[in-house]
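The values are calculated or read from the model by the stated rules, or taken from the named source; none is laboratory data. These numbers were taken from a predicted model, which means no experiment stands behind them. Don't worry about glycine lacking a Cβ; one is built from the backbone with ideal geometry, like all the others, and counts go over all protein chains shown. All accessible areas refer to the heavy atoms of the entire protein, side chains included, with ligands and DNA or RNA removed. Shrake-Rupley method; radii C 1.70, N 1.55, O 1.52, S 1.80 Å.
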Amino acid sequence: MQEKYEDSCFDYLYALEIDPSDSEILCNLGLALAKTQYKDYANIAFEEAVNSCVGNTEILSNYMLFLLEI
């Protein structure tokens, strides 16, 4: 199962090459990375998502849930 999340991460990274400031892609990258061993990178992705779309409650909720799990 973890391999599927890692594959998703590559897809999200590719999408970020097209639009690096897309907060939804950054959030989804964080969610996918959170399911892998790359928790530090998940944290970075979530922080970037929060900073790129201040006040987005969905992103903040996902980030807070991630922080509670680590």
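Quick one: how many residues across the stretch 61-70 are in a helix (DSSP H, G or I) and surrounded by fewer than 16 Cβ atoms within 10 Å (Cβ to Cβ)? First the steps, then the outcome.
Start the filter on the stretch 61-70 by keeping residues that are in a helix (DSSP H, G or I), which leaves 61-69.
Keeping just the survivors that are surrounded by fewer than 16 Cβ atoms within 10 Å (Cβ to Cβ) gives 61, 64-65, 67-69.
Residues that pass the stated criteria total 6.
In the stretch 33-54, the residues that are closer than 21 Å to Glu17 by Cα reach residues that are of a type in the set (Lys, Arg) and part of a helix (DSSP H, G or I) with C-beta atoms within less than 8 angstrom, at least six apart or across chains, in these pairs: Leu33/Lys39.
When residues in the stretch 44-60 are screened for being open to solvent by less than 70 Å² (accessible area, probe 1.4 Å), aliphatic (A, V, I, L, M) and more than 17 Å from Cys9 (Cβ to Cβ), 3 of them pass.
Considering only residues in the stretch 8-38 that are closer than 17 Å to Glu58 by Cβ and outside any helix (DSSP H, G or I), the one that is most open to solvent (accessible area, probe 1.4 Å) turns out to be Ser21. Going by what's in this entry, would Tyr5 be described as in contact (Cβ under 8 Å) with a residue 12 or more places away in the chain, part of a helix (DSSP H, G or I) and open to solvent by 30 Å² or more (accessible area, probe 1.4 Å)? Yes.
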